[in-house]
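What follows is one structure encoded as structure tokens, with my remarks underneath.
The values are calculated or read from the model by the stated rules, or taken from the named source; none is laboratory data. Keep in mind that what you see is a predicted model, and the values were worked out from it rather than measured. Here the Cβ positions follow ideal geometry from the backbone for every residue, glycine too, while neighbour counts run over all protein chains shown.
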Amino acid sequence: MRHITRVLALVCAALVGASAPAAAQGILSKLGSKAKQRVDATANQAMDSALSRAANAVVCAITDNACMAKAKATGKPIKVTDASGKPVSSADSAAAISAAVAQAAQAAQPALDSAGNNDAASPAGPPANTVLVNYDFVPGDRVIYAEDFSSDNIGDFPKRMELVQGNFEVAKWNGAPFLRATTPGRVMIPLPEVLPPQFTFEMDFTCGSGWDGGIEFADPDHEPAGVSTIQMSPGSGGVAGPIKSQMSLPVDAVRPVTHVAVMVDNLYVKAYLNGVRVANVPKATLGRTKGIWLTVTASAESPAYIGNIRVAEGGKPLYDALAASGHVATHGILFDVGSNRIRPESAPTLKTISDMLTAHQELKLTIEGHTDNVGSAPSNLTLSEQRAAAVKAYLVTTDHIDAARLATKGFGSTKPVAPNTTPEGRQDNRRVELVKM
């Protein structure tokens with residue numbers, strides 16, 4: 001328009017200099033008419049384009065970061081609205097979309113500097129600021145036993161465990177229920193079935209007055225000779241038995257609460273403390289029974305604490321399970337509490353997914369987020385959507401998987417696979433599922 005105005009001014013000056021007002025008016029009239037036609041055409045084209053974009057726009061509430069990040073990732077236009085459904089200003093819309101994209105990118109990176117427990121299917125996991133060393137732990141996908149002591153009364157011995165010896169009680173510690181020991185002692189976890197050939201064990205543990213604790217998968221008072229034990233302490237741990245494999249933790253991995261993880265594949269045993277692999281034994285005889293025995297050393301002045309226990313059967317390779325049924329649940333993707341921020345110990349599971357997608361280029365997946373029924377239904381639904389979007393963002397950003405091969409959907413607590421009345425059921429329900437498209 002500036003160019004047209006400049007041309008009109010020059011023509012006007014030339015005609016005035018020639019003393020031809022009538023001619024000037026005729027030419028100006030024609031030029032003005034053509035200019036108006038060009039402006040009108042441009043405006044109409046812009047209007048048509050805007051209407052087309054608006055018709056195809058994804059409508060997202062200003063608080064729905066997952067919706068905005070997903071639409072942005074797929075290149076779709078976004079219409080941002082307030083809580084009542086009215087469009088917000090362009091400035092507020094741009095700011096909201098920018099913040100949602102930034103949050104998704106942040107969630108795609110391992111949370112190496114975050115704090116707090118996770119809110120997924122496994123126990124608390126290694127501290128979020130621990131440097132993971134040889135951490136290839138992938139939790140089993142079928143929960144056999146889970147206990148967080150939330151259904152026990154403070155001061156009581158837990159209903160779902162057996163006392164072998166010593167003094168134990170459920171106590172509130174650091175804002176969460178734990179099993180506390182105030183003397184040296186041993187408890188037994190009764191299992192509903194004999195441990196399978198492939199299984200994983202996890203728990204959080206704090207040593208008391210002694211130097212260590214132990215985990216045994218066969219009755220230590222009647223076990224045959226040569227059965228191995230998982231040993232743990234604040235600074236070291238591993239497998240003790242006929243074949244010993246132990247290691248001290250790096251200084252930056254020592255924490256007041258030690259996360260213990262054991263992965264067993266027939267005779268092959270790997271043990272981890274706070275995200276550091278401390279034992280790697282190809283032939284270790286752990287035994288298989290319907291119980292797990294936990295031994296601690298403690299005193300009234302220096303109690304020991306046990307919490308967030310999870311025992312699960314290891315499943316089929318991911319692609320085999322997916323090919324067999326068209327969907328597979330994963331329990332190794334962990335998040336901070338009430339957040340879509342992925343925790344670092346999720347890396348082995350995420351790598352398994354990206355390796356599968358790389359090996360099978362024809363494969364397209366819908367990533368589904370699911371929660372248990374703890375909390376409100378709307379917040380669970382939003383959280384599940386945000387977590388599914390975060391997993392996609394991780395795979396696209398970190399592992400360079402084509403975004404067009406991945407869709408996301410959150411279901412909150414609407415699709416439980418087990419009753420929410422037991423710890424095992426709630427852990428089964430807190431999951432990320434992969435579904436073939």
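Listing for the model above:
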{"item": "Restricting segment 173-185 to residues that are within 17 Å of residue 205 (Cβ to Cβ) and out of contact with any Asp or Glu (no Cβ under 9 Å at 6 or more places or on another chain), the residue that is surrounded by the most Cβ atoms within 10 Å (Cβ to Cβ)", "result": "185"}
{"item": "Hey, residue 235 surrounded by 15 or more Cβ atoms within 10 Å (Cβ to Cβ), assigned by TED's automatic domain parsing to the domain that holds residue 184 and touching a residue at least 60 places away in the same chain (Cβ under 8 Å) or not", "result": "no"}
{"item": "Checklist (1) at pLDDT below 90; (2) over 30 Å from residue 292 (Cβ atoms) applied to residue 316, failing item", "result": "(2)"}
{"item": "Counted residues, segment 303-360 - those being surrounded by 17 or more Cβ atoms within 10 Å (Cβ to Cβ) and assigned to a strand (DSSP E or B)", "result": "15"}
{"item": "Which numbered condition residue 424 fails, given (1) among the acidic types (Asp, Glu); (2) touching a Lys or Arg at 6+ places or on another chain (Cβ under 8 Å); (3) at pLDDT below 90; (4) not in a loop (DSSP other than H, G, I, E, B)", "result": "(2)"}
{"item": "Subset of segment 383-401 that is of a type outside the set (A, V, I, L, M, F, W, C) and buried (at least 21 other Cβ atoms within 10 Å of the Cβ) - its residue that is nearest to residue 415 (Cα to Cα)", "result": "384"}
{"item": "Residue that is surrounded by the most Cβ atoms within 10 Å (Cβ to Cβ), among those in segment 134-149 that are touching a Pro at 6+ places or on another chain (Cβ under 7 Å) and modelled with pLDDT under 90", "result": "137"}
